[in-house]
1. Got at least one residue in segment B:214-230 being within 13 Å of chain A (Cβ to nearest Cβ), closer than 21 Å to B:LEU306 by Cα and either buried (at least 20 other Cβ atoms within 10 Å of the Cβ) or small (Gly, Ala, Ser) (or both)?
2. Within segment A:123-155, take every residue that is away from chain B (no Cβ under 11 Å) and buried (at least 19 other Cβ atoms within 10 Å of the Cβ) and give me the one that is nearest to A:VAL235 (Cα to Cα).
3. Regarding segment A:84-96, can at least one residue be identified that is touching a Leu at 6+ places or on another chain (Cβ under 8 Å), within 14 Å of chain B (Cβ to nearest Cβ) and either of a type in the set (Phe, Trp, Tyr) or in contact (Cβ under 8 Å) with a residue 24 or more places away in the chain (or both)?
4. In segment B:410-446, what residues are within 23 Å of the chain's Cα centre (by Cα) and within 9 Å of chain A (Cβ to nearest Cβ)?
5. All but one of (1) under 17 Å from the mean Cα position of the chain (by Cα); (2) more than 14 Å from chain B (Cβ to nearest Cβ) hold for A:LYS291; which doesn't?
6. Give B:LYS109, B:LYS117, B:LYS135 a once-over and let me know the one that is loosely packed, with under 15 Cβ neighbours inside 10 Å and either within 14 Å of another protein chain (Cβ to nearest Cβ) or in a helix (DSSP H, G or I) (or both).
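The values are calculated or read from the model by the stated rules, or taken from the named source; none is laboratory data. Please read all numbers here as calculations on a predicted model, not as lab measurements. Every residue, glycine among them, receives a Cβ derived from its backbone with ideal geometry; neighbour counts consider all protein chains shown.
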Amino acid sequence: MDKRSVFKSWWLPIAFAAPQLLLIFLFFYWPAVSVVKWAFTLEPPFGGAAEFVGWANFQDVFSDPFYWNSVVVSLIFAFCGAFFAILIGLVLALAVDRELPGSGMFRFVYILPFAIAGPAAGMAFRFILSPERGLLAPLNAIYPDFWNPAKYSAHALILVIVIFIWKWAGYTFIFLLAGLQSVPRALIEAAALDGSGPIRRAVDIQVPLLAPTLFFLLVTMMTEGFVGSDTFGIVERTTNGGPNHGTEVMVLRIVNEAFQGLNYSGASAQSIVLIGLIMIFTFIQFRFIEKRVHYK
Amino acid sequence: MKNTRLLAAALAAGVISVAASQASAAPVKFEFWYGMSGDLGERVQDACRKFNGSQKDYEVQCVSQNTYDATLQNTIAAYRAKKQPAIAQIYDAGTLDLMLSKAFVPAKKLMAENGYKIDWNNYFSGIANYYATAKGELESFPFNSSTAMLYYNVSAFEKAGIDFKPDTWEHVEEAARKLKAAGFDCPLAFNFDPWSMLEQYSAIENQPIATEDNGYKGLDAKLVFNKTTFVDHVKFFKKMQDEKLFVVKTKQLGMDVVPAFTSQTCQMMQSSIADHGTVGKTLPAGVKWEVAMLPIDKGTERHNSLVGGASLWVLAGRPQEEYKGAAAFLNFLGTPEMSEWWSTVTGYIPVTKTGFDAMKANGFYDKAPYKGRELAIASLTYTPTSANTRGIRLGSFTQIRNEVTNALEAIFMQNADVQKQIDTAADRGNDILRRFEKTYAGQKLD
């Protein structure tokens with residue numbers, strides 16, 4: 001017979017789980033239910049009778065060309081941000097993992113940007129890369145509009161993505177370095193004895209063995225780029241969605257709609273669409289990419 | 001056993017009654033939420049301390065929510081959770097949301113019920129009308145008020161040999177040309193804030209922004225700024241920008257208009273009178289500068305400009321004794337001494353005639369650094385308010401402002417067509433207004 005410890009009373013396990021259940025209910029299920037309710041009504045800001053309007057809020061959202069613009073901007077932001085944050089984190093981790101002189105210092109320095117809040121980084125970069133007074137201002141003086149995120153949407157989008165990468169490369173770096181350190185040294189030494197250089201070893205041994213970590217980072221980074229608070233903070237502080245909707249990511253739109261326009265219903269409808277999109281992306285990632293990941 | 005329980009109960013009852021009697025002796029506490037931070041936030045705290053020190057019955061607890069929009073959001077959230085403060089500072093653009101919320105105690109009712117006799121006509125009508133119903137009943141208390149002014153660098157004007165005042169846009173253009181010829185690269189700085197370019201300009205030129213008297217007569221108002229001289233005004237700015245006489249200065253480009261002016265990079269700007277103090281403190285000594293009423297188009301008649309800033313709303317659903325305190329506090333803020341103090345330390349203009357007169361009599365406006373601020377009052381009270389200059393009573397107005405900002409950004413940064421962009425902004429703004437109307441279906445403005 002199995003030796004199992006069984007709680008005699010039914011309330012004890014519930015009492016233990018209650019704080020967690022309460023938190024989940026308060027901060028996840030309750031708001032989620034409210035959001036669904038609001039998305040189908042016209043909710044007056046101060047409360048009171050809200051008229052049921054069916055799918056009208058969703059129709060409004062979908063018929064707005066700037067909404068689709070924000071979806072495209074968000075996709076570009078999440079893809080480019082996630083890809084380069086992981087790529088740069090990987091290169092840095094591979095370099096630090098070789099344990100050349102000074103590695104300890106570099107490890108510290110590379111992690112540092114992650115400790116800076118997104119909005120603060122956004123403010124700093126807005127000054128550093130401002131077209132008239134920043135680092136590139138001398139270049140602008142020679143070639144007018146060489147770099148002008150206040151004028152060109154593409155430049156503005158590059159600006160906010162660069163800030164995102166600058167910050168989150170430090171995060172991916174931590175995970176990838178930890179992953180690299182669990183790669184058996186014997187494998188790398190054997191490859192080195194066979195005469196393969198650092199790049200060959202990275203491509204053939206280290207990166208394939210890092211696949212689970214890379215996959216984890218891909219999912220988290222994509223989600224972070226899509227809905228992360230940093231995405232909002234960076235964009236709001238740097239370009240505030242401009243020029244002319246050029247960097248208006250979906251989260252910025254939702255926050256502006258809800259808290260500046262006091263249009264809780266429209267914002268709720270957009271939130272639900274956003275939740276749906278994230279579910280689809282995560283599904284795609286697990287369905288098609290995870291297949292190629294070997295955990296053992 | 002039974003005895004000890006009884007004893008415990010008796011003790012507990014005793015403790016409670018002692019606590020209760022102490023509470024009744026202590027001043028009645030109530031909260032006031034405001035949306036200012038930094039130096040201005042400190043001045044609000046000073047005002048609260050002054051009130052608490054002036055009497056013993058009430059104690060106001062002033063809590064900063066940092067920004068105007070955060071104050072409105074937090075007030076809404078708190079109201080929904082029934083934890084609202086007694087008084088909240090709500091910015092101009094949130095006025096209609098509050099009016100339709102039924103979540104407030106009208107200013108007049110509050111003061112009458114608590115035995116204060118307020119001369120409501122004492123408020124400058126240009127200020128009071130913004131926060132009053134169409135019939136003229138004040139719903140909230142005007143608090144920190146400002147209006148837009150034209151700031152110009154007199155030293156630069158003298159150097160460029162300009163011997164006239166920038167009182168019309170034609171004069172501004174002429175001055176800009178002379179400044180340019182004298183080697184000033186940026187005669188006038190501007191950004192995409194619709195507050196001066198659309199709202200103030202429309203009021204001064206007596207142009208409507210929306211139908212139904214800018215929304216005062218009903219929620220079915222439609223935006224019409226795409227059919228007024230506002231469009232010509234933007235075209236004029238565009239032409240000036242193409243000739244490099246007017247220059248865009250935004251945070252995104254590296255410097256907003258106020259720092260551009262105070263660093264003497266640019267020689268003219270439109271900005272709030274509330275910046276008067278900052279400009280005076282930041283410009284180096286010896287640089288002569290002045291403010292003027294916003295320019296008008298040549299050949300048109302000047303009307304009063306619009307008030308900006310925020311007012312104080314008393315929220316419904318608090319215990320009765322808190323309202324006594326709130327009324328006392330608001331009465332205290334309205335005294336001429338307090339309004340003079342407030343205007344001196346902040347740069348906001350006094351909202352009452354007696355406050356203004358007291359300051360004028362003291363010679364407040366005669367000497368630097370306060371000289372010039374009286375022009376803001378002159379601008380606000382230039383004419384009695386008309387249907388177009390009473391104020392703007394449009395729902396979700398912050399979002400409509402955003403639409404206009406986006407249009408201006410497209411026009412001035414990306415060379416988009418002026419009429420088309422402003423049409424788009426008006427159309428999108430109208431969609432916002434219709435949604436707002438539906439949200440408050442069945443409600444009437446009074």
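1. The initial filter retains those residues of segment B:214-230 that are within 13 Å of chain A (Cβ to nearest Cβ), namely B:219.
From what's left, closer than 21 Å to B:LEU306 by Cα: B:219.
From what's left, either buried (at least 20 other Cβ atoms within 10 Å of the Cβ) or small (Gly, Ala, Ser) (or both): B:219.
So far as segment B:214-230 goes, yes, one or more of its residues are within 13 Å of chain A (Cβ to nearest Cβ), closer than 21 Å to B:LEU306 by Cα and either buried (at least 20 other Cβ atoms within 10 Å of the Cβ) or small (Gly, Ala, Ser) (or both).
2. Among residues in segment A:123-155 that are away from chain B (no Cβ under 11 Å) and buried (at least 19 other Cβ atoms within 10 Å of the Cβ), the one nearest to A:VAL235 (Cα to Cα) is A:PHE125.
3. Within segment A:84-96, not a single residue is touching a Leu at 6+ places or on another chain (Cβ under 8 Å), within 14 Å of chain B (Cβ to nearest Cβ) and either of a type in the set (Phe, Trp, Tyr) or in contact (Cβ under 8 Å) with a residue 24 or more places away in the chain (or both).
4. B:ILE432, B:PHE436
5. So A:LYS291 meets the others, but not (1).
6. Working: B:LYS117 fails: either within 14 Å of another protein chain (Cβ to nearest Cβ) or in a helix (DSSP H, G or I) (or both); B:LYS135 fails: either within 14 Å of another protein chain (Cβ to nearest Cβ) or in a helix (DSSP H, G or I) (or both).
On inspection, the qualifying residue turns out to be B:LYS109.
This table checks each residue for (1) in contact with a Cys (Cβ under 9 Å, 6 or more places away or on another chain); (2) free of Cβ contacts under 8 Å to residues at least 40 places away in the same chain; (3) under 28 Å from A:HIS155 (Cα atoms).
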site: A:ARG237; (1), (2), (3): no, no, yes
site: A:VAL249; (1), (2), (3): no, no, yes
site: A:VAL255; (1), (2), (3): no, yes, yes
site: A:GLY266; (1), (2), (3): no, no, no
site: A:SER271; (1), (2), (3): no, no, yes
site: A:LEU277; (1), (2), (3): no, no, yes
site: A:PHE281; (1), (2), (3): no, no, yes
site: A:GLU290; (1), (2), (3): no, no, no
site: A:TYR295; (1), (2), (3): no, no, no
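Residues are listed down the side, and each one gets a yes or a no for (1) within 14 Å of another protein chain (Cβ to nearest Cβ); (2) more than 25 Å from B:LEU72 (Cα to Cα):
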residue	(1), (2)
A:GLY197	no, yes
A:ARG201	no, yes
A:ILE205	no, yes
A:LEU210	no, yes
A:THR220	no, yes
A:ASP230	no, no
A:ARG237	yes, no
A:ASN263	yes, no
